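A.B. asks: Next up is a structure, given as structure tokens.
The values are calculated or read from the model by the stated rules, or taken from the named source; none is laboratory data. Just so we're clear, the structure is a prediction, and the values are computed from it rather than from any experiment. Positions of Cβ are backbone-derived with ideal geometry, glycine not excepted, and every protein chain shown enters the neighbour counts. Only protein heavy atoms, including side chains, enter the accessible area calculation; ligands, DNA and RNA are left aside. Shrake-Rupley method; radii C 1.70, N 1.55, O 1.52, S 1.80 Å.
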Amino acid sequence: MKTIVLTAGLAATVAGAACGAEPLKAVPFTKVKLDGFWQPRIETNRASTIPYDFKKSEETGRIANFARAGGLEQGPFEGIPFNDSDVYKIVEGAAYSLAIHPDPELDRYLDALIAKFAAAQEPDGYLYTARRLFPPEKMPGMSGKERWSNLIASHELYNVGHMYEAAVAHQAATGKTNLMAIVRRNADLIASLWKPGGMGLPSGHEEIEIGLLRLYEATGETRYLDTAKYLMDIRGRPETHKLYGPYAQDHQPVVDQAEAVGHAVRACYLYTAMAHYAALTGDAAYRAACDKLWEDIVTRKMHVTGGHGARHAGEAFGDAYELPNATAYNETCAAIAGALFTHRMLLLHADAKYADVLERILYNGYLSGVALTGDRFFYPNPLEADGRTKFNHGGNERQPWFGCSCCPVNVVRIMPSLQGWFYATARGRLYVNLFDAGRADVEVAGAKVRVTQTTRYPWDGRISIAVDPEKAAEFALMVRIPGWAREQPAPGDLYRYAAPAAPAPTLALNGKAVDFQPLESGYAKVSKVWKKGDVVELNLPMPVRRVISHEAVKDNAGRMSIERGPVVYCLEGADHPDRRVLDISLPVDAALAPEHVPALLGGVTALRGKGLSSRRTETGGIATAPVDVTAIPYNVWCHRGPNEMVVWVPTAPETARPIPLPSLASKAKATASFCHDNDSLDSASDGIDPKNSNDHGIPRMTWWDHRGTKEWIQYEWAEPVKVAGVEVYWFDDTGRGQCRVPKSWRLSTRDGAAWKPVAAQGGFGVARDKFNAVAFEPVSTTALRIDVELGDKVSGGILEWRVHPAAP
């Protein structure tokens, strides 16, 4: 195994730390209590999600793996090698919850669970249940007979990174050291191996770097700081190992990376650690790289919901401005990773633009990932849905669990800890970064101060901030003026607001208007000697805004999204006729009136207005009719069953998807030899014309993953129909997947119990990117059947199959 010799070490680290302390220090979540918008979600997380996630981990063997690896019970390893990390993440979330809501029963449960971790740990500190339970050559997805032999896929370091974070949270919440003792043994083992002259393999999935830095902060042990730096520094260095490539951010040294590439969660975990390290040590190269990477994400690759990672393939960032809607991946874990990175950048730079993006992620891309009940979850978070495509790993609504359940267990640790993102202090300043009703107890300028927010944010932009120091104290209150209130929905020009401009925010101190311009990095600065009873009143007007995306985002051409304050809205079928919305267009000047509806989806502000519904005419044109439109917050969509949804709403009927005319195909019942779980048989007859054979933005029917086989699909009618032709648009995702046009096909009609080939007037085409038409002698039948022979080692499918009636 290769080793690496790098210059790193204690002297450089300490010197960096001396001159590069974080400009902002977050006020711990234990010092903040929210009782507005976020309080019920935090309570649901405590009462529902934490016990639910533990229960699912018990049912799926995730917890039993530790007991079995420790010899406490007999049985095989269950699941996938990185299931250990799921349990650690729930423990972290449970510890955060204990800190703000003591629960003796949960405390005892954690102690019993930690005892299983201890039993599974090997004498030298190594802890990885899959390798202990399985001979390495038989482990699922694994290879090699030694530890660390397949770090690109094993998640050995990823798993323990989450354990480190759990230990820091657990010790802070309970004062106990039982989990920290396990972690220290493991981290000392890692530090003894990953050091100059030692191991040269980085972790395939970043996370241990975050855990080591948090462990350094909790213990003061500089070897953990140095080990985190070493693990990051060996990335992209071919002299130490065979590079994993861009997917794992192992294509260039980290300080040379300027574009966010590869798996979005892995990437943002790495960037989070880099930003944290830069803040701890003042490392200028790391800081500069983080600046470039963050700007690349938010100005070219971030969805309007704050979603990260556009591509299903590799769960990865796409190219610049590659921001699809129906096929957007936007993993919930990626939103979380993006929020972690952005919060670290906020602490590093003390600039409100980072809080703007953090807020966008929290209220939209993150919160959509978990149901109001706390026990159903999205893995991907698309910005458009047709109600049929099973985009959510086998489902078209939130699911109770997944084989790889990283998202449900990641949600559970963020919800109770996000209170620690609201306030920060530095150099005689108190920063108000986010808004919600509640209070915080902070220390600033040597004084203890209670800060109390009174507000209905995000539904109302009026925010009262009471500042009550124990004794009079002089400091600056830095109040963020959100970008959305300053005509800046996001950094750069990826998104902009349509005219007219919103009214300007106002600020008052003890009832008197304050001129807070110019802003300091997006913050209004109010400096004074603060006394009990001082109150700052911020008023952020919240008109409904239309958002326009950069012209390079092709999927959003002729469309606008809708925002009010920090909340992104969508149209959902449940609020519209026939549960349809993809046929609706909303003129740019259409009025939308906010209406708070306490009984709707946990209590939300909906937007009401008038739009146009489009319908295909007999002549092939489009007819429109007025339709009442309701927009709801994107974060609560899909609580009323599978249905259509759209974030980027067409501004004209030509861009909408018109309701198709009834047809022979749509009146038939479709069946097939096989259809993939994520696909839909009905899509073959839905009347939606594909853009091309590789159109992933519409529903499809595929035989995936049957390859090289003979398959069929058929239409059946209750009564005989007279037909004389068909057109077939084949699905072929060359360059993306393994579906291709078929090798050959034929068409038959049912005659009694037999199938008879049609008398075709030409060949059976297999061309891409077009309808392949076949005319035949008219025949009366109750069923048509397509038989296909798939290509060698590939599968296939159909985007649309039309049936033409015979002439009268």
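A.B. asks: For the stretch 127-136, state whether one or more residues are open to solvent by less than 10 Å² (accessible area, probe 1.4 Å) and either at pLDDT below 90 or not in a loop (DSSP other than H, G, I, E, B) (or both).
C.D. replies: The answer is yes, given that some residue of the stretch 127-136 is open to solvent by less than 10 Å² (accessible area, probe 1.4 Å) and either at pLDDT below 90 or not in a loop (DSSP other than H, G, I, E, B) (or both).
A.B. asks: Taking Ala773 as meeting all but one of (1) within 43 Å of the chain's Cα centre (by Cα); (2) farther than 23 Å from Ser680 by Cβ; (3) in a loop (DSSP other than H, G, I, E, B), write down the number of the exception.
C.D. replies: (3)
A.B. asks: Right, next: If you check every pair at least six apart or on different chains, which have Cβ atoms under 8 Å apart with a residue in the stretch 307-335 that is under 10 Å from Leu383 (Cβ atoms) first and a residue that is modelled with pLDDT under 95 and open to solvent by 40 Å² or more (accessible area, probe 1.4 Å) second?
C.D. replies: Close Cβ pairs (under 8 Å, with a partner that is modelled with pLDDT under 95 and open to solvent by 40 Å² or more (accessible area, probe 1.4 Å)) amount to Ala326/Thr389; Thr327/His312.
A.B. asks: Within the stretch 359-367, can one find any residue that is among the small types (Gly, Ala, Ser), closer than 25 Å to Trp484 by Cβ and part of a loop (DSSP other than H, G, I, E, B)?
C.D. replies: no
A.B. asks: What are the pairs, 6+ residues apart or on separate chains, where a residue within the stretch 653-665 that is closer than 12 Å to Asp689 by Cα and open to solvent by 40 Å² or more (accessible area, probe 1.4 Å) has its Cβ under 7 Å from a residue that is part of a loop (DSSP other than H, G, I, E, B) and among the β-branched types (Val, Ile, Thr)?
C.D. replies: Going by the 7 Å Cβ cut-off, the qualifying pairs are Arg657/Ile688.
A.B. asks: Any idea which of Thr734, Thr749 is out of contact with any Pro (no Cβ under 6 Å at 6 or more places or on another chain), part of a strand (DSSP E or B) and farther than 14 Å from Trp801 by Cα?
C.D. replies: Working: Thr734 fails: part of a strand (DSSP E or B).
None of the others qualify; the one that does is Thr749.
A.B. asks: Has the stretch 428-442 got at least one residue that is open to solvent by 10 Å² or more (accessible area, probe 1.4 Å) and out of contact with any strand residue (DSSP E or B) (no Cβ under 6 Å at 6 or more places or on another chain)?
C.D. replies: No, that holds for no residue.
A.B. asks: Of all residues in the stretch 547-572, which are β-branched (Val, Ile, Thr) and over 16 Å from Ala498 (Cα atoms)?
C.D. replies: Those that are β-branched (Val, Ile, Thr) and over 16 Å from Ala498 (Cα atoms): Val553, Val567.
A.B. asks: Looking at the stretch 730-761, which of its residues are over 41 Å from the mean Cα position of the chain (by Cα) and either under 16 Å from Trp717 (Cβ atoms) or surrounded by 15 or more Cβ atoms within 10 Å (Cβ to Cβ) (or both)?
C.D. replies: Arg746, Leu747, Ser748, Thr749, Arg750, Asp751, Gly752, Trp755, Val758, Ala760 - these are the residues of the stretch 730-761 that are over 41 Å from the mean Cα position of the chain (by Cα) and either under 16 Å from Trp717 (Cβ atoms) or surrounded by 15 or more Cβ atoms within 10 Å (Cβ to Cβ) (or both).
A.B. asks: Take the conditions under 25 Å from the mean Cα position of the chain (by Cα) and touching a residue at least 24 places away in the same chain (Cβ under 8 Å) and apply them to Val553. Does it pass?
C.D. replies: Here the answer is yes, as Val553 does meet what is asked.
A.B. asks: Filtering the stretch 311-328 down to residues that are closer than 14 Å to Ala385 by Cβ and not β-branched (Val, Ile, Thr), which residue is surrounded by the most Cβ atoms within 10 Å (Cβ to Cβ)?
C.D. replies: Within the stretch 311-328, the match that is surrounded by the most Cβ atoms within 10 Å (Cβ to Cβ) is Ala328.
A.B. asks: While we're on this one: Taking the stated definitions as given, is Thr624 open to solvent by 30 Å² or more (accessible area, probe 1.4 Å), at pLDDT 95 or above, closer than 24 Å to Thr327 by Cβ and in contact with a Lys or Arg (Cβ under 8 Å, 6 or more places away or on another chain)?
C.D. replies: When the stated conditions are applied, Thr624 does not pass them.
A.B. asks: Right, something else. Which number in (1) in a strand (DSSP E or B); (2) open to solvent by 10 Å² or more (accessible area, probe 1.4 Å); (3) closer than 29 Å to Asp441 by Cβ marks the one condition that Lys471 misses?
C.D. replies: The number of the failed condition is (1).
A.B. asks: Separate question: Which residues, counting only those in the stretch 666-680, are in a loop (DSSP other than H, G, I, E, B) and either closer than 30 Å to Met560 by Cα or open to solvent by less than 50 Å² (accessible area, probe 1.4 Å) (or both)?
C.D. replies: Keep residues of the stretch 666-680 that are in a loop (DSSP other than H, G, I, E, B), which gives 666-668, 673-680.
Hits for the stretch 666-680 are Ala668, Ser673, Cys675, Asn678, Asp679, Ser680.
A.B. asks: Under 7 Å between Cβ atoms, at least 6 apart or on separate chains: pull out the pairs that start in the stretch 89-105 with a residue that is buried (at least 24 other Cβ atoms within 10 Å of the Cβ) and end on any residue that is acidic (Asp, Glu).
C.D. replies: Within 7 Å, the pairs are Ile90/Asp53; Glu92/Glu165.
A.B. asks: From the set of residues in the stretch 237-270 that are in a loop (DSSP other than H, G, I, E, B) and of a type in the set (D, E, K, R), which is most open to solvent (accessible area, probe 1.4 Å)?
C.D. replies: Within the stretch 237-270, the match that is most open to solvent (accessible area, probe 1.4 Å) is Lys242.
A.B. asks: Please indicate, with yes or no, whether at least one residue in the stretch 716-728 is at pLDDT below 95 and more than 28 Å from His676 (Cβ to Cβ). Before the answer, list the steps.
C.D. replies: Our first condition is that a residue be at pLDDT below 95; within the stretch 716-728, this holds for none.
Looking through the stretch 716-728, none of the residues is at pLDDT below 95 and more than 28 Å from His676 (Cβ to Cβ).
A.B. asks: Turning to a different aspect of this structure: Filter the stretch 536-587 down to the residues that are open to solvent by 30 Å² or more (accessible area, probe 1.4 Å) and β-branched (Val, Ile, Thr), then identify the one that is nearest to Asn381 (Cα to Cα).
C.D. replies: Ile548
A.B. asks: Of the residues Trp703, Trp648, only one is touching a Phe, Trp or Tyr at 6+ places or on another chain (Cβ under 8 Å), aromatic (Phe, Trp, Tyr) and open to solvent by less than 10 Å² (accessible area, probe 1.4 Å); which? Steps first, please.
C.D. replies: Values: Trp648 fails: touching a Phe, Trp or Tyr at 6+ places or on another chain (Cβ under 8 Å).
Result: Trp703 is the single residue among Trp703, Trp648 that is touching a Phe, Trp or Tyr at 6+ places or on another chain (Cβ under 8 Å), aromatic (Phe, Trp, Tyr) and open to solvent by less than 10 Å² (accessible area, probe 1.4 Å).
A.B. asks: Let me ask something additional. In the stretch 505-535, what residues are part of a loop (DSSP other than H, G, I, E, B) and open to solvent by less than 70 Å² (accessible area, probe 1.4 Å)? Spell out how you get there, then give the answer.
C.D. replies: Let us first name the residues in the stretch 505-535 that are part of a loop (DSSP other than H, G, I, E, B), namely 505, 510-511, 514-519, 521-522, 531-533.
Across the stretch 505-535, the qualifying residues are Pro505, Gly511, Val514, Phe516, Leu519, Ser521, Gly522, Gly533.
A.B. asks: Looking at the stretch 370-435, what strands (runs of 3 or more DSSP E) fall wholly within it and have at least 1 residues that are closer than 17 Å to Asp677 by Cα? Write out each step before concluding.
C.D. replies: Working: elements: 384-386, 423-426, 429-432.
Result: 384-386.
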